[in-house]
Amino acid sequence: MHGRPRKASKPEEEAASAAKAVKLRSLQSQFMTNHHDKIYTNEAIELSTKLLEINPEAYTAWNYRKLAVEDCLSRIESDPNLVNSILDEELRVVESALRQNFKSYGAWHHRKWVLSKGHSSIGDELKLLDKFQRLDSRNFHAWNYRRFVVELTNRSEQDELHYTDDMINNNFSNYSAWHNRSVLLSSLLAQNADGFMPNERIPDEYDLVHSAIFTDPDDQSGWFYHLWLLDQTLNVETPLLTSSWPSHGSTVSLSGAGCLNGSSSKFTTFCSESGSFPLILYFDQAVGGVSSSTVTTDSELKGNGDLVWEPISYKNSQVSCVWVTHLKYVSSDPCEYKVKIRVGNSPGIVSSRGHNFSAPYEFVFTAHVHDTVKDSQEGIVSWTDGFDIWDAKSKDLNSLITLDQLEAEIDFKWRQEAIDSEVECFGILSDSKIGKLTLARLLMAREAMVSDDAVKGVRYEEILQLYNDLMALDSSHYQYYKDEHSVAFLHKVTSSSESLSRHLFRYRGMNNLVCLRLNNLSLSRIASVEKLLFVQMLDLSHNELHSTEGLEAMQLLSCLNLSHNRIRSFSALDSLRHVKQLKVLDVSHNHIGKHSVDTTRYLCSSPLSNSEWSPDDVGRQNPGLVTKYWDAYFVLRDLNLKQLDIAGNEISGNEFSSFVLQIVPKLVWLDGQKLGN
Amino acid sequence: MSETTVSIDSDRSKSEDEDEEEYPSPVQSFPRPPPSVNFEKDRHLMYLEMMYELLPYHYQSQEINRLTLAHFIISGLHFLGALDRVDKDVVAKWVLSFQALPSNRVSLKDGEFYGFFGSRSSQFPIDENGDLTHNGSHLASTYCALAILKVIGHDLSIIDSESLLLSMKNLQQDDGSFMPIHIGGETDLRFVYCAAAICYMLDNWSGMDKESAKNYILNCQSYDGGFGLIPGSESHGGATYCAIASLRLMGYIGVDLLSNDSSSSIIDPSLLLNWCLQRQGNDGGFQGRTNKPSDTCYAFWIGAVLKLIGGDALIDKIALRKFLLSCQSKYGGFSKFSGQLPDLYHSYYGYTAFSLLEEPDLSPLCPELGLPLLAASGI
């Protein structure tokens, strides 16, 4: 109907159309009578056939036919010839309806229903499918039906894979065929079927997709498949330990509340009021099952029996990349203690995809407990002055950030080779947007695999340049490239001790605490946190961050500057709730409160609507304010802040300030003002 | 309408343009005037009013979806701020006449579904025993019926929602998906969405097992980030909408997912964002699947997903607006592709898309319900 002039119909056409309508109406009403009165004679069934041939959308008629077939089958007992002829007739009606509209859900479903009666011949079904898939090779009804038939008849996945070969060779642009191929291959690779070992098979797939991409670089299908292949290449099933704090071979200096006496130059100094320090494990993928039996601790520190490990993630989830426990120490008992940790001592650490942590890993560090002499002062932390350039030798840093269990991975070589050959291949295609993006992704993957210090980090400049080009070329996806640029930039910063030390400073105000300053870098996303677990003071001001996601792993963090970013609500700071050491937080000059969340619109807009919430004192005294500022309430009440800067946000004002004082009673500094007692 | 199959509208049918070609013909045999640079509100109003009075014969194969067509017209009029053109009492009475009511409480356990019929041709009069014959009430029609009632401001608390919801449970399968009618039918994400929207509109979740529905949805996410209609199928714009909107309605994903902590999210939002953004083509419009032409309705299906996950700032809105205007008919309404005649389905999703783009003259949109935002009636 589309594309035809509507008003130009001639009188005779009008008449024909009217006659057709009359005929349809009479068919329809006769059919309804039959249906209502449960008449299943041949004549009545024939009538529904006619109706469906005119309008395959009449699902009532399909339902009628199902009842009619059941009725007929019950009457003929089990004469196989009769059963076959009844069901054959159904298949014929479906086929003729599909010729009328091959996108009719009702017709395809009716065919599935017939097949599920045990009536099928795989040859016939595949022949029919070939016909429809030739007509429209993207018809997803046909593809879905094909997968149904294959499963029903146990046709081999290898045979189906050959079918996708044909379809792809026929037309490289057929994304449906590529999709089916990835589904089939995933299954075959997972089974380690004969001829489908990843290291043998995946390189062949790269060859196939190259021929598609190089034939028409503007076609999306091949690129998506390539992305999937890259994922298969990088996907190491076994979870691995990426980093820990304290790291292997390091010495941490521990003291009680306040600052350490004297000028200990070790920057792995940690002070705690509670007399305990966190032990952090960072895995390359989310795992569950970290406990005192899967991770054993052999230490001379007293009072540490069975340790309780907690996943740092959403409260209901028992899987996470980051796991933490706390080790106790007594600061009046200065001494050095060795601590030995064995991860994977007994089986039980399992990735969320069900793979076991299979390579036990052991690391040792020294805990140097100091006497506490000086009391802490509740001075204000300034982010503008009091910083000295980092002067330590980078050797110190090495012991903090190196841990690469990746090298232990035996199945690593083919992956590296595959990525290398892809990098070489796409170097020449990088004049298109998708070519640049693919090359940038490949180079990132390559860098992640490099362990040789001599060549580590050399390609980051190239990656950053690719994302810069993309931002300029393709403004509609600017933010996406920007985020990737930030990730690559942070990988570069953390790729070597030299580059990291350029961002390290000492803050005199807190006894030369080490401060990582990543301000003014137009970062829009946080990454590489696994290499920054030691950081206690972090300056991320003057960036373009929307959220603090990722920072939850930094369990030592006590001072954080997020001023002049793009935080839109306190919910975006949710991950900070896990950072129990956080004392100083600057979120001034963001967009908090500018985009108000309309809490009346959403079912679960606020956790207040969850049953698990029970109001505390503030909630009881000020239910109105809690409802108004629920996102601030839920984040701030879980933090132990002493200093908060909130000025320069839409939300700030007298009402909000007084609300903050109620939920954070221990606060000493608010927006630079010391609070009276 | 090859792609639009996903939506609630076209659950059972597609044939309104059954003889349409798969791709629009790129060359027009006669010169066409350049498309208007404005959203022609008055013409759209005229178009909908015309449809309200009388449906053209093109829709005859859609007879079975009469309630759906009515929803497009009435909710469309609301977007245009012209709901006063509708006699609300007459509409409410008409819609309610399609409700399937159980004859007594016992029959609620008989496995049937007591929702709404799509049209008279799937509805029989109640027999002398007060029983329904061949109760073919349908989830999608039920969604549309409730949507119309909501939009015209009818008080939903006075309809028999208990039998509707109790019996709706009969439609949910072990894998969490829903059948559209109790007699049987294909199960996929469209009907999970209908069920979630129905529970949401009736403010009562006793009609479904949310946890198992959630698991079904998660099984439909493909490796490229989008969602297919059933597990293992190819990512599709409409299916992706059904997935994300259902998760939102059920409360499994929060507002502004991308800005918040995505490690705590049950879906992979960055992969989803990636897939959605790649669907915007060079012509500014959105396609439903990889390597398909842009189509008006996906401006809504995918635009709404982006809105729901907080990624709508990344849409090239100027280009999208330009594409939509190229599909605006000079008679009012929108067509699937530029240069074709308009239809109700694409017109309605054209209006929702313009509402998403914050066109000043249109009612704001509630993206998860696909309806105008109705503060007064609690949406």
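The values are calculated or read from the model by the stated rules, or taken from the named source; none is laboratory data. As the structure is a prediction and not an experimental result, all values here were calculated from the model. Cβ placement follows ideal geometry from the backbone for every residue including glycine, while neighbour counts extend to all protein chains displayed. Calculation scope for accessible area: heavy atoms of the full protein, side chains included, ligands and nucleic acids excluded. Shrake-Rupley method; radii C 1.70, N 1.55, O 1.52, S 1.80 Å.
For beta carbons closer than 7 Å, sequence separation of 6+ or different chains, a first residue in region A:378-391 that is under 20 Å from A:Leu562 (Cα atoms) and open to solvent by less than 60 Å² (accessible area, probe 1.4 Å) and a second that is modelled with pLDDT of 90 or more and among the aliphatic types (A, V, I, L, M), the qualifying pairs are A:Val381/A:Val584.
On the basis of being in contact with a Leu (Cβ under 8 Å, 6 or more places away or on another chain), within 25 Å of A:His226 (Cβ to Cβ) and within 11 Å of chain A (Cβ to nearest Cβ), does B:Gly251 make the cut? Spelling it out, it is not the case that B:Gly251 is in contact with a Leu (Cβ under 8 Å, 6 or more places away or on another chain), within 25 Å of A:His226 (Cβ to Cβ) and within 11 Å of chain A (Cβ to nearest Cβ). Being on the phi > 0 side of the Ramachandran plot, in a loop (DSSP other than H, G, I, E, B) and at pLDDT 90 or above, is that true of even one residue in region B:320-338? Yes, region B:320-338 contains at least one residue that is on the phi > 0 side of the Ramachandran plot, in a loop (DSSP other than H, G, I, E, B) and at pLDDT 90 or above. Say whether the condition of being crowded, with 21+ Cβ neighbours inside 10 Å and over 23 Å from A:Ser320 (Cα atoms) is met by at least one residue in region A:527-536. No - not one qualifying residue is present in region A:527-536.
Conditions tested, residue by residue: (1) open to solvent by 10 Å² or more (accessible area, probe 1.4 Å); (2) in contact (Cβ under 8 Å) with a residue 60 or more places away in the chain; (3) over 27 Å from A:His36 (Cβ atoms).
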position: A:Arg65; (1), (2), (3): no, no, no
position: A:Val93; (1), (2), (3): no, no, no
position: A:Phe132; (1), (2), (3): no, no, yes
position: A:Arg147; (1), (2), (3): yes, no, yes
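Within region B:99-116, identify whether any single residue is at pLDDT 90 or above, within 19 Å of the chain's Cα centre (by Cα) and within 18 Å of B:Glu162 (Cα to Cα), and answer yes or no. Within region B:99-116, one or more residues are at pLDDT 90 or above, within 19 Å of the chain's Cα centre (by Cα) and within 18 Å of B:Glu162 (Cα to Cα).
Where residues in region A:467-490 are more than 14 Å from chain B (Cβ to nearest Cβ) and crowded, with 20+ Cβ neighbours inside 10 Å, which of them is farthest from B:Leu320 (Cα to Cα)?
Filtering region A:467-490 for residues that are more than 14 Å from chain B (Cβ to nearest Cβ) and crowded, with 20+ Cβ neighbours inside 10 Å, the one farthest from B:Leu320 (Cα to Cα) comes out as A:Leu490.
Does any residue of region A:323-334 turn out to be without any contact (Cβ under 8 Å) to a residue 40 or more places away in the chain, of a type in the set (Phe, Trp, Tyr) and not in a strand (DSSP E or B)? Within region A:323-334, not a single residue is without any contact (Cβ under 8 Å) to a residue 40 or more places away in the chain, of a type in the set (Phe, Trp, Tyr) and not in a strand (DSSP E or B). Within region A:31-81, the residues that satisfy the criterion of being part of a loop (DSSP other than H, G, I, E, B) and away from chain B (no Cβ under 12 Å) are A:Ile39, A:Tyr40, A:Thr41, A:Ile76, A:Glu77, A:Ser78, A:Asp79. Starting from residues that are modelled with pLDDT of 90 or more and of a type in the set (S, T, N, Q), keep the ones in region A:417-466 and report whichever is most open to solvent (accessible area, probe 1.4 Å). The residue in question is A:Gln465.
Of all residues in region A:15-30, exactly one satisfies the criterion of being more than 9 Å from chain B (Cβ to nearest Cβ) and buried (at least 18 other Cβ atoms within 10 Å of the Cβ), namely A:Leu27.
Hey, does region B:345-360 have a residue that's in a loop (DSSP other than H, G, I, E, B), surrounded by fewer than 23 Cβ atoms within 10 Å (Cβ to Cβ) and within 13 Å of another protein chain (Cβ to nearest Cβ)?
Looking through region B:345-360, none of the residues is in a loop (DSSP other than H, G, I, E, B), surrounded by fewer than 23 Cβ atoms within 10 Å (Cβ to Cβ) and within 13 Å of another protein chain (Cβ to nearest Cβ).
Among the numbered conditions (1) more than 10 Å from chain A (Cβ to nearest Cβ); (2) in contact with a Leu (Cβ under 7 Å, 6 or more places away or on another chain); (3) buried (at least 23 other Cβ atoms within 10 Å of the Cβ); (4) of a type outside the set (D, E, K, R), the only one that B:Trp301 does not meet is (2).
Total residues in region B:326-341 satisfying the condition of being open to solvent by 10 Å² or more (accessible area, probe 1.4 Å) and not aromatic (Phe, Trp, Tyr): the figure is 8.
Of all the criteria given as (1) in contact with a Gly (Cβ under 8 Å, 6 or more places away or on another chain); (2) farther than 23 Å from A:Tyr64 by Cα; (3) open to solvent by less than 10 Å² (accessible area, probe 1.4 Å), the one not satisfied by B:Met250 is (1).
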